[in-house]
Amino acid sequence: MDIVIVKYNAGNLYSVVNAFRRLGVEPVITDDASRIAQADKVIFPGQGSAQTTMAYLRAHRLDEVIRSLKQPVLGICVGQQLLCSHSEEGDVDCIGIFPTPVKRFQPTCHEEKVPAMGWQALASVSSPLFEGISAGDYVYFVHSYYVPLCPYAIAQANYILPYSAALHKDNFWTTQFHPEKSGKVGERLLRNFLDNINV
């Protein structure tokens, strides 16, 4: 299976590469539009600022490439946020696959730290992406911004308030958490994306 990881100025790509290698897949990291378009499946991961990453994507026309993809796409962390319509981080318009905003966590007490960092339980899990994964299973998050609950949510988490932990629309699936850092649960999700997700 030909798996491509979109190369742009966002961190964490190599931990995603290593996660797929553990599953017996050797992904290709590229920013070449034709190579991305020809892949069987596309991974859009990342850590970083929405404003600077969107500027890079637009400068290289990768936002248009991603918007045009017809094969299964998995966005991870900032990848999920950039696939939404607008982010409060830098007040920037994003790629717009999901017509929903990205908002900053607003702590209500001293104990609520931002960024939200650590293991959180999933809730309201649905979709073939989560086959073998249950509500109450723990996954790893690091984020200061979140996608509110919306009709595209296929999993929820709760930190300060309930929010969308994963999204699905058409050929786009996303997770706010890092499956590559989420142990056996994350490994199962990536395997599900390889085996269960087709268009």
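The values are calculated or read from the model by the stated rules, or taken from the named source; none is laboratory data. Not measured: the values here are computed from a predicted model. Here the Cβ is made from the backbone with ideal geometry for all residues, glycine too, and neighbour counts use every protein chain on show. These accessible areas exclude ligands, DNA and RNA; they are computed on the full protein's heavy atoms, side chains included. Shrake-Rupley method; radii C 1.70, N 1.55, O 1.52, S 1.80 Å.
Of the residues Thr108, Thr52, Thr174, ranked by 1.4 Å probe accessible area with the largest first, the sequence reads Thr108, Thr52, Thr174. Per residue, the chain exposes 42 Å² of solvent-accessible protein surface, assessed with a 1.4 angstrom probe and all protein chains in place. In whole percents, the pair-distance distribution calculated for region 142-199 from its alpha-carbon pairs, binned every 5 Å from zero, is 4, 17, 27, 25, 18, 8, 1.
Can you work out the base-10 log of I(q)/I(0) for region 89-199 at q = 0.18, 0.19 1/Å, using the Debye formula on its C-alpha atoms alone? Scattering profile of region 89-199, log10 relative to I(0): -0.91, -1.01. Surface composition of region 26-145: carbon plus sulfur atoms contribute 50% of the solvent-accessible area (1.4 Å probe, protein chains only, all chains present). For region 7-146, what proportion of DSSP beta bridges, expressed in % and rounded to the nearest 5, is antiparallel? If I count the DSSP bridges inside region 7-146, around 65 percent turn out antiparallel. Electrostatic tally near Arg61: other residues with Cβ closer than 13 Å to its Cβ, Lys and Arg +1, Asp and Glu -1, net -2. Just to verify a number: FRET efficiency for Lys70 and Asn9, C-beta to C-beta distance, R0 = 41 Å, to 0.05? E(calc), rounded to 0.05, equals 0.95. Spin-label pair Ala37-Ile160: with each label point 7 Å from Cα along the Cα-Cβ axis, the two points sit 4.0 nm from one another.
When the chain is treated as a GNM with alpha-carbon contacts under 10 Å, the residue of His86, His110, His168 showing the greatest mean-square fluctuation is His110. Working from label points 7 Å from Cα in the Cα-to-Cβ sense, the Asp195 to Glu88 distance is 3.9 nm.
Viscosity 1.306 mPa s, temperature 10 °C: what is the translational diffusion coefficient of the chain from Stokes-Einstein with a Kirkwood Rh over Cα pairs, rounded to a whole number of µm²/s? It comes out at roughly 96 µm²/s.
On the beta carbon distance between Ser49 and Thr108, with R0 = 22 Å, the FRET formula returns roughly 0.35.
Normalised Debye scattering of region 10-66 at q = 0.16, 0.26 Å⁻¹ gives log10 I(q)/I(0) of -0.55, -1.17, counting only Cα atoms as equal scatterers and leaving out solvent.
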